[in-house]
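To keep things clear, I will list the structure first and then write my remarks on it.
The values are calculated or read from the model by the stated rules, or taken from the named source; none is laboratory data. Because the structure is predicted, anything quoted here is derived from the model rather than measured. We place every Cβ from the backbone using ideal geometry, glycine too, and count neighbours over all the protein chains shown. Accessible surface is based on the protein model in full, side chains and every heavy atom, while ligands, DNA and RNA are left aside. Shrake-Rupley method; radii C 1.70, N 1.55, O 1.52, S 1.80 Å.
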Amino acid sequence: MIQRTVQIFPPFERFYHWAQVVLVILMTYTGFRLYGIHEWMAYDQAVLWHTYSALLLMLLWVFAIFWHLTTGTWRHYVPTTDGLIHVMRFYSFGIFKGEDHPYRKVYWRKHNPLQSMAYLALKVLVFPLIWITGIAYLTYRLWEPAAGSGFWIEIVGNLHVLAAFGILSFIVMHLYLMTTGHSIWHHVKPMFTGYDEVELTPAEEAYLEQDEPGRIKPAG
């Protein structure tokens, strides 16, 4: 294996990441207003901004799903147990003892096993739940007569909030892990520049140099 500085976050992935950050922050802020946690903006305005940002986020997710499937980057989220115990042990004990992270990024596996499982759970469980319940909320007037009572809309609302807090919990953990190990900038920089240190096989390095010139950053 050869460690090289490689562009592992293409422009669209970086745009998708930061656009999602802005929209999720806006939805969290307006969602807290709708939930009654704060009153720092008008309720009607919060409904409007929450709805618009949700629609934009769903549109962004549609493009992101298409991009992941057509570029093959979905492979990064395929769960694996290879090295999982070592990573779990590191986050449970080793990180507090100053041990080195046991995982090294490789070209087709930029997420460690625990990250892959967390991202996969978000994408196949939490995100669909918040999509379905959010759309059900928006179209409530269409199916309200068939519901017969407010019981189902209450269930939809509670599931939507549960999914939202699931996403919020992931964000909090994500931010916490950025403060561990290297500096915060070390963790954030790849999502701005696209480049990070990864380990390549000789075949992968030859492929990148021949078929995707520019992906490997020249030394120095």
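Structure above, values below:
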quantity	calculated
Criterion (open to solvent by 50 Å² or more (accessible area, probe 1.4 Å), touching a helix residue (DSSP H, G or I) at 6+ places or on another chain (Cβ under 8 Å), of a type in the set (F, W, Y) and closer than 20 Å to V24 by Cβ) met by exactly one of Y176, Y137	Y137
All positions within the range 59-85 that are modelled with pLDDT under 85 and in a helix (DSSP H, G or I)	T73, W74, R75, H76, Y77, L84
Number of the condition not met by H186 [criteria: (1) under 27 Å from F93 (Cβ atoms); (2) open to solvent by less than 70 Å² (accessible area, probe 1.4 Å); (3) out of contact with any Phe, Trp or Tyr (no Cβ under 8 Å at 6 or more places or on another chain); (4) at pLDDT below 90]	(2)
Residue list for the range 140-159, restricted to those being open to solvent by 50 Å² or more (accessible area, probe 1.4 Å) and hydroxyl-bearing (S, T, Y)	S149
The range 1-53 - residue that is touching a helix residue (DSSP H, G or I) at 6+ places or on another chain (Cβ under 7 Å) and among the small types (G, A, S) and, of those, surrounded by the fewest Cβ atoms within 10 Å (Cβ to Cβ)	A19
T51 vs. criteria in contact (Cβ under 8 Å) with a residue 40 or more places away in the chain, more than 22 Å from M191 (Cβ to Cβ) and part of a helix (DSSP H, G or I)	yes
Count of residues meeting criterion [within 16 Å of the chain's Cα centre (by Cα) and among the aliphatic types (A, V, I, L, M)] in the range 79-121	5
Hits in the range 86-117 (condition: open to solvent by 40 Å² or more (accessible area, probe 1.4 Å), closer than 22 Å to Y176 by Cβ and touching a helix residue (DSSP H, G or I) at 6+ places or on another chain (Cβ under 9 Å))	H86, M88, Y91, E99, D100, H101, P102, Y103, L114, Q115, M117
The range 54-84, subset within 19 Å of V21 (Cα to Cα), without any contact (Cβ under 8 Å) to a residue 40 or more places away in the chain and in contact with a helix residue (DSSP H, G or I) (Cβ under 7 Å, 6 or more places away or on another chain), residue most open to solvent (accessible area, probe 1.4 Å)	L56
